[in-house]
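Take a look at the following structure, please.
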């Protein structure tokens, strides 16, 4: 019986603790991170490539023409935000790549587990009755315990003839 092995790894408690501590350390290093509500995120102006080019150009021109900038316009804050944005993008790329590898590995591990579970369930069906394992097989057969899809179950107690008749 051929068994798939898409991923094979062991994660010890020490490794899990170290990774979670590293994530907390990253969060501690990025103290300015914010969490936005979904509604708040939707109301923020979007800065796509064209808008970013525009914003960078305007801020650069304001920087070169400081005499035009009123005291209430936080040009220094905008420059700091642009620098932080550039650095955050590089961080985001690395974190997204890591998150994708974690998600892919979890999907592969789940697939490997389900492959063995399906093969094992087949063995329980094949040999279970003679070895007294039918109760265990039924307990584990959650996917096969769906209610039958009868018209009565689908339509309730309504008269089935009324559904197809013309009025």
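What follows draws every value from the coordinates through simple rules; no lab data is involved. These numbers come from a predicted model, not from an experiment. Cβ: placed from backbone, ideal geometry, glycine included. Neighbour counts: every protein chain shown.
Just need log10 I(q)/I(0) for the stretch 36-103 at q = 0.11, 0.15, 0.26 Å⁻¹, Debye formula, equal scatterers on the alpha-carbon atoms, no solvent, rounded to two decimals.
Debye output, listed in q order: -0.41, -0.70, -1.17.
Show me 34-47, 82-95 ranked by packing, highest mean number of other Cβ atoms within 10 Å first.
Details: 34-47: 7.9, 82-95: 11.3.
Ranked from most to least packed, the peptides come out as 82-95, 34-47.
Now for a different question. How many nm is it between the label spots at residue 96 and residue 79, if each spot is 7 Å from the Cα in line with the beta carbon?
2.9
Arrange the peptides 104-113, 18-27 so that the one whose residues have, on average, the most other Cβ atoms within 10 Å appears first. If you can, show how the numbers build up before the last one.
Working: 104-113: 13.1, 18-27: 10.6.
The peptides rank, most packed first, as 104-113, 18-27.
Please report the orientation-averaged projected area of the stretch 1-55, defined via the convex hull of its C-alpha atoms, in nm².
Working: hull surface 35.9 nm².
Seen from a random direction, the Cα hull of the stretch 1-55 projects 9.0 nm² on average.
Here is a further query. With label points built 7 Å along Cα→Cβ from the Cα atoms of residue 42 and residue 17, find their separation and express it in nm.
4.4
In addition: Just grab the label-to-label distance for residue 109 and residue 61, each label 7 Å out from Cα along the Cβ direction, in nm (one decimal).
Going from the residue 109 label point to the residue 61 one covers 5.4 nm.
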